[in-house]
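The values are calculated or read from the model by the stated rules, or taken from the named source; none is laboratory data. Since the structure is predicted, the reported quantities are computational estimates derived from the model, not experimental observations. Note: ideal-geometry Cβ built from the backbone for every residue, glycine included; neighbour counts use all protein chains shown. These accessible areas exclude ligands, DNA and RNA; they are computed on the full protein's heavy atoms, side chains included. Shrake-Rupley method; radii C 1.70, N 1.55, O 1.52, S 1.80 Å.
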Amino acid sequence: MQVEGIRQQAGSLPWQPLWLSLRPHQWLKSLLLFAPLAAAHRLHDWQLVLQCAMAFLAFSMVSSALYLANDVIDRDRDRHHPLKGTRPISRGVVPVGMAVGAALLLGGLALAVAIRLPGAFLFWMLLYAALVLGYSFLLKHVMFMDLAALTGFYLLRIVAGGSAVAIQPSGWMLLFAACLFLNLALVKRYQDLLVWHRQAQAWPLSCRQYAGVPAGLLARLGGLTGAAAILVLALYLATPLANSLYPGTVFIWIFPLLLAGWIGWMWHQAAAGGMGDDPVLFAVRDVVSRTLLAAICLVIGVGALL
């Protein structure tokens, strides 16, 4: 009866569960492609903004295609996960054939857009796709290599965005991003470990290699990477380059304080079990996170204008 109900639901709403499987909220990550353009204060150049928008579209489509592929690959394992078991593909609401077809279509459209962009954007996008597939098949099962891969996903977006507009990201930006996104990757794994312990090992962890790792170890590593991100940001703001880009130097120093508050809030929510499986989705829905991130954007904007 339950299987029949699922089939009826798939027949009546074939596109709604497929749309959810694309994980459109994850497209927010592709906004990182605009980071080099914004850091260079070139957002007023509409030609470059258009090129970045095309890059954003290509990355969003290829990301959704890869999410579909990942859900197809992990569908049997996800059925036993208390959170991932609700995904449409793992529940059988979206047929495997439909998911594979949608993934191929989105991948083709992403390539069609990417080849129109200058520079090595296509190379970086294909490298990103290869890394995601490598993560799905192998790296997610290797301790700490999965964290490096998750961090690499974000860095490749920044590098690809710079390539699309012929602006090379600075070493400061890449180092700061590496520390910050490694911190978020640790939050994700920390949450996995907490769910594992609270379920008394009643379900298979996505990355079993962490089953014997104390959650406190990941929390300490999270504290170190969070502090490193704030330190790198502070050191950059003290450079002559930052002083020239942000005349309101004193005002811009609010940025590291807000960032520290947001990182602490994310870890607090993970420890309380209120984050769920996806830190990005949590940040989008969480009022405190949205407020702090909006305040960070405001501080950066005002600091550049003063």
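Of the candidates GLN209, GLN191, GLN51, which one comes out as most mobile in a Gaussian network treatment of the chain with C-alpha springs shorter than 10 Å?
Residue with maximal mean-square fluctuation among GLN209, GLN191, GLN51: GLN209.
Give the accessible area for VAL96 in Å² (nearest 10); use a 1.4 Å probe, count only protein heavy atoms, and leave out ligands, DNA and RNA.
Probe radius 1.4 Å; accessible area of VAL96 about 60 Å².
What FRET efficiency, computed as 1/(1 + (r/R0)^6) with R0 = 30 Å and r the Cβ-Cβ distance, is obtained for HIS44 and GLN168, rounded to the nearest 0.05?
0.95
Given (1) 252; (2) 133; (3) 232 as candidate values of volume of the Cα convex hull per residue in Å³, which corresponds to the one derived from the coordinates?
For volume of the Cα convex hull per residue in Å³, the calculated option is (2).
Any chance you could give the angle, 0 to 90 degrees and rounded to 10, that helix 121-137 forms with the longest Cα principal axis of the chain?
On a 0 to 90 degree scale, this one is about 40.
First compute the accessible area of the chain with a 1.4 Å probe, then give the percent of it belonging to carbon and sulfur atoms.
The computed percentage sits at 72.
For every helix of n ≥ 4 consecutive DSSP H residues, a contribution of -39,500 (n - 2.57) applies; sum these over the chain, divide by its total residues, and give [θ] at 222 nm rounded to the nearest 500 deg cm²/dmol. Please list the in-between numbers first.
Details: 16 runs with 220 residues, N = 306.
Taking each H run of at least 4 residues, the total per residue is -23000 deg cm²/dmol.
How large is the accessible surface per residue of the chain, computed with a 1.4 Å probe and reported in Å² as a whole number?
Per residue, the chain has 47 Å² of solvent-accessible surface.
Enumerate the lysines that LYS140 could reach by cross-link, defined here as Cα to Cα under 19 Å, with residues fewer than 8 away along the same chain left out.
Candidates past the 8-residue exclusion: LYS84, LYS188.
In whole Hz and in residue order, list the ³J(HN,Hα) couplings for the stretch 104-117 that follow from phi through the Karplus curve 6.51 cos²θ - 1.76 cosθ + 1.60, θ = phi - 60°; x for Gly and Pro.
For the stretch 104-117, the Karplus-derived couplings read 5, 5, 5, x, x, 5, 4, 5, 4, 6, 5, 5, 8, 8 Hz, x marking Gly and Pro.
How do TRP267, TRP19, TRP124 stack up against each other in accessible area, from largest to smallest, with a 1.4 angstrom probe?
TRP19, TRP124, TRP267
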